[in-house]
Amino acid sequence: MSLQLHYGASLAALNTLRVPAWAGLLAQPDAIEQLPDLFAAARAQKLPWLVIGEGSNLLLAADFEGLVVQPRLLGIRLAMNDPAGHAPPAGDRVRVRAGAGENWHRFVQWTLDRGLFGLENLALIPGSVGAAPVQNIGAYGVELSDHLAAVEAFDCQHGGSHRFSAADCGFGYRDSRFKREPDRWLITAVEFDLSRSPAPVLAYAGLREELAAGGIGDPQPADVFDAVCAIRRRKLPDPAQVANAGSFFKNPIVPELQAAFIADHHPDLPMWPAGEGRNKLSAAWLIERSGLKGHRVGDAGISERHALVMVNHGSASGEELLALARHVQDTVEARFGVALEPEPRIITGAG
């Protein structure tokens, strides 16, 4: 099963910030059987590698002279191997398996269309299924880890496939063992435990308000899905229209005393308990109060619609976007004493 390698490949169309960057080699494997030889050759030639999904959580601030691997491992099915692709009639819990190369939003739609619930709050998050566990994506009161059953991954450094339970994934806030070991694991498939019984999660205030505004008093999962899509489309720029990488900074978690000090001077500061004497603060609020919402340097800018989103208005380079991100970090820390951590993986060289 041969795998074509592309030499001197442009990555501009493979990252949602549409940054012009190049790879020494590009491989897009569509079968797990292609991975052992691919990475054995890279190790033998001492080539660094970079695994990407749909490029929606990535800032290329330099060319990558090594091997870029974009898995295109497809397929969605019930784990009990129903050939028709429909849930069997008995039981409430259903396990669904998806290839890493599947688009995340289309996968969520697939589950909802078959009456399998749990992921509807995560609708319209850009990226691939394989990238979702890396970041432990979350939105509107739900995190991926709430419904994840298992991750299958190839060990790029040593060869061989491994299966991780949810407990083995080391999930945290926008974090996982796969994010902490980015050069070791290539996720090949993800399994989820979903339910046939609707149990909408409505804890997020903005979501409740959106449903109420639509006159929906007893929301079902499809209503939640539609409301989440409406909120995201209203608040966030569409990467297809304005190049961006979604939320660029994590909400910072700080000691309660530090949060209380900031709140004493800014009573409208949004914050949430984060356990063990800590609070989570709104990064968007901190950036906006630092006067940076809508800020622009050349074609690198902060979205006017949402202060967490960094955008490429046209021909910004990765270096220019990284410089803007660092300016945001410096400005917020100087004003509030809070360090912001970027969400995307930032590439500044071949490794």
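Every read-out reported here was derived from the displayed coordinates using simple, explicitly stated rules and does not represent laboratory data. Given the structure is predicted, the values throughout are model-derived calculations rather than measurements. Cβ sites come from the backbone with ideal geometry, for glycine too, and all protein chains shown count toward neighbours.
What to note about this one:
- For Asn279, residues with placed amide H under 5 Å, excluding near neighbours: Val254, Glu256, Ala274
- Residues Tyr173, Tyr140, Tyr204, Tyr7, sorted so that the one with the fewest Cβ neighbours within 10 Å comes first: Tyr7, Tyr173, Tyr204, Tyr140
- Rounded, prolate or oblate (a/c below 1.5 giving rounded, otherwise prolate when a/b exceeds b/c) for the stretch 203-351 by Cα gyration tensor: oblate
- Overall dimensions of the stretch 146-287 as given by Cα atoms, namely Rg and Dmax in Å: 19.2, 55
- Simple spin-label estimate for Ala323 and Asp299 gives 1.5 nm between the two label positions (7 Å along the Cα-to-Cβ direction from each Cα).
- Summarising the overall dimensions of the chain from its C-alpha atoms, the Rg and Dmax are 20.8, 63 angstrom.
- Multiplying the residue separation of Gln220 and His313 by 0.36 nm and subtracting their alpha-carbon distance yields 29.7 nm.
- Reachable lysines, given that their alpha-carbon falls under 27 Å from the alpha-carbon of Lys280 and they are not under 8 places away in the same chain: Lys179, Lys235, Lys250, Lys293
- Per residue, the convex hull spanned by the Cα atoms of the stretch 168-222 amounts to 144 cubic angstrom.
- Long-range amide H partners of Trp185 with built H, under 5 Å: Cys156
- Of the DSSP H helices in the chain, none is both long (alpha-carbon extent of 30 Å or more along the helix axis) and hydrophobic (Kyte-Doolittle mean at least -0.5).
- A dipole drawn for the chain from +1 and -1 charges on Cβ atoms has a positive end, and of Phe261, Ala98, Ala79 the residue lying farthest that way is Ala98.
- Sequence of Met310, Met271 once ranked by neighbouring C-beta atoms within 10 Å, starting from the fewest: Met271, Met310
- Where N is the number of residues in the stretch 76-195, Cα Rg divided by 2.2 N^0.38 Å: 1.02
- Distance between the pseudo-spin-label points of Arg95 and Leu47 (7 Å out from Cα toward the beta carbon): 3.5 nm.
- Cβ-based exposure ranking for Trp285, Trp185, in which fewest neighbours within 10 Å come first: Trp285, Trp185
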